[in-house]
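Asks: Got a structure here, written out as structure tokens. Questions coming.
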Amino acid sequence: MSSMRFPRALHALSLSFLALAVAGCGDSTGPGKGVKLTPELVRLNGSSGGASGSLAGHVLSLAVEGPGTTAAIATSDVDIMSLRMPITEIMIGSDESERVATAYRCTVDDCHVDLAAANFESNLLQSSSVTVPVGTYTWVQFGFCTNDRDSHDVYLTASVNMDGTVYYTRPDGSLSTESPAQAAKITMSGCAIRSEMPHAVIVEDNGVVQAAPEDEQVEGEEEVVPVGDAALRLYFTTEDMAWAVMGATHGLWFPGWCALPLADAEAGTPYICVGYPVVAAFLGRETIPDVERYSTNIATSLTLFTDGSAIYGGYLRRFLRSVSDLDGHHLSATGALFGVSTNSDGSLYINGFVQSFGPEWAFPAFRRESHSGTYRNHDQIDRPYSATRLQ
């Protein structure tokens, strides 16, 4: 088994986004001698650009029906009109060296960024070049909190078609048949999301490089050309970032992701929830990632950000195929990929956050095609699954 290898032509900064909420936001070192980076938050649009082929035709919604009547409806085919999330800072750092550098910091009173406002290729941040000090960096962290809070407010305005009826968001997180949609206020716990980089990023006086492990070096491969002033592009998609539900809560309602009180949701009130954006990051503007999605029979979909054979991260979401999925085994509805490595037969070992008992979930031999295999949940028991590649 070997770790995933990243194309050197990308000037070698890429990451998978681990959704790890932490309570505080760390301090940063001041500007110094090093490399200038300009963070750019860019939404992948399914109607244009490099991702169009991967996003087109994906079936992301499903009405879950019981015998003779609709038992529950759950869908991620949500029309997001506006999704305002506060982004107060973006930092890169290393736990080993305890070095932390600020790549972006909000300097206005309202730091909310509308993740659904712009089309493909537009930078959603009011960002400028920042000098990142010389050093080795192994993670990227988004900060969301202001004024010493331990939570942050997200505002979601959306509509959704459930069983032929269009519903619109309300401020309390419920859904109503009355238009227009109003912004639902969802208070999300934690102040930051940290992402581990697959390989350390080394900032030098005149550029930045990211060296792969020695056993992954390819003979004759072009070396990284250091750059002194570059864009750090953070690509994401809102395609299945929110989900709407009516008549069910198990494995679908989560505190911090759903605003409507649990008692109201259990009583049958339609409600909407939202997860964190998961990004694929590239240094420079040359490469636009593709998006691959897979549905499974374990109430879970898996999304990968890819460029050819290279995997740049991804995430899990809930995906229901039948009413039995409401009570069956499933993986995290908001989990990001913590690690991806390549097995000797070309399949992928994909896992979630690693805890003392092992990874919270794992696919030991996931294939980038429709297939069957085994997966492990937090109990570390192997169970069968089947996956269908969505095109």
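The values are calculated or read from the model by the stated rules, or taken from the named source; none is laboratory data. These numbers were taken from a predicted model, which means no experiment stands behind them. Methodologically, a virtual Cβ is constructed for each residue, glycine included, from the backbone with ideal geometry; neighbour enumeration extends over all protein chains shown. Ligands, DNA and RNA are excluded from the accessible area calculation, which covers all protein heavy atoms including side chains. Shrake-Rupley method; radii C 1.70, N 1.55, O 1.52, S 1.80 Å.
Asks: With label points built 7 Å along Cα→Cβ from the Cα atoms of residue 95 and residue 356, find their separation and express it in nm.
Replies: Here the answer is 1.5 nm between the modelled labels.
Asks: If a paramagnetic tag sat 7 Å from the Cα of residue 150 along the Cα-Cβ line, which residues of segment 83-109 would have the backbone N under 12 Å from that point?
Replies: none
Asks: Let me ask something additional. Order 371, 378 by their accessible area, 1.4 angstrom probe, all chains in place, largest first. Please list the in-between numbers first.
Replies: Details: 371 20, 378 115 Å².
Solvent-accessible surface, decreasing: 378, 371.
Asks: By how many nm would the segment from residue 365 to residue 344 grow when fully extended, if each residue of separation counts as 0.36 nm and the alpha-carbon distance is taken off? Please list the in-between numbers first.
Replies: Working: separation 21, 0.36 × 21 = 7.56 nm, distance 1.01 nm.
Length difference between fully extended and current span is 6.5 nm.
Asks: A further question follows. Could you sort the peptides 256-262, 172-178 by per-residue average Cβ neighbour count (10 Å cutoff), highest mean leading?
Replies: Numbers: 256-262: 18.9, 172-178: 16.1.
Packing order, densest peptide first, comes out as 256-262, 172-178.
Asks: Alpha carbon centre of segment 116-176 versus segment 286-311: separation in Å?
Replies: That distance is 21 Å.
Asks: Here's another thing I want to ask about it. With every protein chain left in place, what is the accessible area of residue 44 in Å² (1.4 Å probe, nearest 10)?
Replies: Only protein atoms counted, so the area is about 0 Å².
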